Amino acid sequence: MRTSGSCRPESPRPASGFTLLEMLVVLVIMGMAVAVISPRLQNAYEAVARSGERADVVRQLQRLPLVARDRDGIDLPAGSTELAKMLKLPDGWSVVPEQPLRIESSGLCHAGIVAVHHDGDVAPQRVTLAEPDCQVSDAR
């Protein structure tokens, strides 16, 4: 039986934990990973936001027969900017008819093609408005 009360352990224990150098190496690796990944995440976020805005533009185009009923018909020449003023488009979006666009006051839509453009896009996207109800589809 041991009778002496020593405060020291019988064998020295190795120090536990991480050294400052190990923590710095891990932080540098994490920083490089974030620097590589963050631009891609930003691009993905912008693409998702733009697709939501594009869906809103399509919904607005499908509302054209209702707008025509309120305005006693729509008759626009090709290249007119009046269509964008009639719709509640998200910021940065424009819609321009590529050929004369006619929607009667009864809501009957004559087939037409419009160019949908966002400020960040290189080229506009062509969209077809089909008879009789302005159903929207991508132009071929």
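Testing residue 136 on (1) of a type in the set (A, V, I, L, M, F, W, C); (2) surrounded by fewer than 17 Cβ atoms within 10 Å (Cβ to Cβ); (3) outside any helix (DSSP H, G or I), one condition comes back false. Which one is that? Residue 136 satisfies all of (1) of a type in the set (A, V, I, L, M, F, W, C); (2) surrounded by fewer than 17 Cβ atoms within 10 Å (Cβ to Cβ); (3) outside any helix (DSSP H, G or I) except (2).
Scan region 112-131 residue by residue and report those that are part of a loop (DSSP other than H, G, I, E, B) and surrounded by 14 or more Cβ atoms within 10 Å (Cβ to Cβ). So that I can check it myself, show each step before the final result.
Looking only at region 112-131, we keep the residues that are part of a loop (DSSP other than H, G, I, E, B), and these are 119-124, 131.
The answer is 124, and nothing else.
When the test is whether a residue is closer than 30 Å to residue 111 by Cβ and either of a type in the set (Gly, Ala, Ser) or at pLDDT 90 or above (or both), residue 68 passes it. Scanning region 95-111 for residues that are outside any strand (DSSP E or B) and on the phi < 0 side of the Ramachandran plot returns 98, 99, 100, 104, 105, 106, 108, 110, 111.
The values are calculated or read from the model by the stated rules, or taken from the named source; none is laboratory data. Remember, it's a predicted structure, so these values are computed and weren't measured experimentally. Methodologically, a virtual Cβ is constructed for each residue, glycine included, from the backbone with ideal geometry; neighbour enumeration extends over all protein chains shown.
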